[in-house]
Amino acid sequence: MKTLTVALPGREYDILIENGLLSQAGRRCRAALPRAGRVALVTDSNVGPLYARLVRESLEGAGFAVEVIQLRAGEQTKCAQSLSGLWERFMAFGLTRTDAVAALGGGVIGDLAGFAAATALRGVDFVQIPTTLLAQVDSSVGGKVAIDLQAGKNLAGAFWQPKLVLMDPQALTTLSDATFSDGMAEVIKYGCIWDGEFFSFLEQRPCRERIMGEIEHVLYTCCDIKRQVVMEDERDTGIRMLLNFGHTLGHAYELAGHYERWTHGQAVAAGMVRAARLGHTLGVTDAQAAGRIAALLEQFGLPVEIPCTPEQYAAAIGLDKKGAGEDISLILLERLGRAVPKKLAKAEVLKLL
Ligand code: GLY
């Protein structure tokens, strides 16, 4: 088993990575939650039928009383109505402040259940059991939990670190190719921003089968980078912003597709290529970066260009908001493996885009 520790003062937790870990959820959670009697296990209609029984039985075997709460799969579930529904279900189950919430699923379930855990009874312990590649390499680590509002995604939330993150790579075998590729956009991002050797490692394994052949190493490398970033800047005021490489322009593409045409990973993929090209135009990014990123993304069926209007770019960089400031801090690459924030005039960025 591979183990990483997120060493935040007073809120330290482990990320465990091993095939078959779902069936060990009980004893792993017992070690991390010695006082808990009840676990509210939140999942969705895709993941629940596949894995909820296995996890519930494992938790019950370790002495927890378990309530499985299965919600409809999809981004629309990450809303205030689902949040209040979870609070009510927790209370009906008799959850107390020494009990815990566990999220079994992808980013939507992790973000929603995490925010419910952060706010129910002014905060109860939380365990992340991510089952998508995107959730394993990104959203389950670092404590950002949230719901979407009408005004935009993730606009109400908290920093609420889990007590434990359990990653079973076998859970990835039931993902569609499209959902697997979505997560690969974030995997490739870590190579871009932090580790050029890891980027080359991925270039040498340009398909799902080859990545799955070394998935523990891939998960470990990504989570180790995220762990280092979060330990230095938990509250996202400094270095954590490097994780937004490709995300600002990706937001423009999500807007352009009305959050339906393009998944998050697809939008981030095109956003990373556009940011690398922009960086080259600005004399920040080396000449090969954009081409190598695009070639690798294409191997995983991800888009490297998405049509977008100037108005959508303006909305994504905040140029459409009065009083939002003239400048934007955009994450650019110097080269593969090294990202830097650059303060730029929004009007200039829009002109170049
Ligand atoms: N997903 C970006 C972050 O956790 O900061």
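Laid out as a table, the results:
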read-out	value
Lone qualifier among D177, D182 - being buried (at least 22 other Cβ atoms within 10 Å of the Cβ) and either more than 30 Å from A287 (Cα to Cα) or modelled with pLDDT of 95 or more (or both)	D182
Set G213, G238: member being touching an Asp or Glu at 6+ places or on another chain (Cβ under 9 Å) and surrounded by fewer than 21 Cβ atoms within 10 Å (Cβ to Cβ)	G238
Of all residues making up region 125-146, the number that are more than 16 Å from the ligand (Cβ to nearest atom) and either surrounded by fewer than 24 Cβ atoms within 10 Å (Cβ to Cβ) or in a helix (DSSP H, G or I) (or both)	1
Filter pass, L112 being in a helix (DSSP H, G or I), in contact (Cβ under 8 Å) with a residue 24 or more places away in the chain and more than 13 Å from the ligand (Cβ to nearest atom)	yes
Failed item in (1) touching a residue at least 40 places away in the same chain (Cβ under 8 Å); (2) not in a loop (DSSP other than H, G, I, E, B), with N46 passing the rest	(2)
Flag for G291 being among the small types (G, A, S), at pLDDT 95 or above, closer than 14 Å to A270 by Cα and in a loop (DSSP other than H, G, I, E, B)	no
Residue tally, condition among the small types (G, A, S), in contact with a helix residue (DSSP H, G or I) (Cβ under 6 Å, 6 or more places away or on another chain) and outside any helix (DSSP H, G or I), over region 54-69	1
Elements of type helices (runs of 4 or more DSSP H) contained in region 153-272, each with 3 or more residues being farther than 30 Å from L41 by Cα, within 16 Å of the ligand (Cβ to nearest atom) and touching a residue at least 40 places away in the same chain (Cβ under 8 Å)	177-193, 247-256
Verdict on R11 being closer than 18 Å to K226 by Cβ and either in contact with an Asp or Glu (Cβ under 9 Å, 6 or more places away or on another chain) or touching a residue at least 40 places away in the same chain (Cβ under 8 Å) (or both)	yes
Hits in region 79-113 (condition: more than 26 Å from L54 (Cβ to Cβ) and touching a strand residue (DSSP E or B) at 6+ places or on another chain (Cβ under 7 Å))	C79, A80, L83
Set A290, A295: member being surrounded by fewer than 20 Cβ atoms within 10 Å (Cβ to Cβ) and over 21 Å from the mean Cα position of the chain (by Cα)	A295
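Matching residues to (1) within 22 Å of the chain's Cα centre (by Cα); (2) of a type in the set (D, E); (3) at pLDDT 95 or above:
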{"position": "D14", "(1), (2), (3)": "yes, yes, yes"}
{"position": "G26", "(1), (2), (3)": "no, no, yes"}
{"position": "R38", "(1), (2), (3)": "no, no, yes"}
{"position": "V42", "(1), (2), (3)": "yes, no, yes"}
{"position": "G48", "(1), (2), (3)": "yes, no, yes"}
{"position": "L54", "(1), (2), (3)": "no, no, yes"}
{"position": "G63", "(1), (2), (3)": "no, no, yes"}
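This table checks each residue for (1) among the aliphatic types (A, V, I, L, M); (2) within 18 Å of the chain's Cα centre (by Cα); (3) crowded, with 18+ Cβ neighbours inside 10 Å; (4) within 21 Å of E186 (Cα to Cα).
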| site | (1), (2), (3), (4) |
| --- | --- |
| A256 | yes, no, yes, yes |
| A267 | yes, yes, yes, yes |
| L302 | yes, yes, yes, yes |
| C308 | no, no, yes, no |
| A315 | yes, no, no, no |
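The values are calculated or read from the model by the stated rules, or taken from the named source; none is laboratory data. Everything numeric in this text was worked out from a predicted model, so none of it was measured. Heads up, the Cβs are rebuilt from the backbone with ideal geometry, glycines too, and the neighbour counts pull from every protein chain shown.
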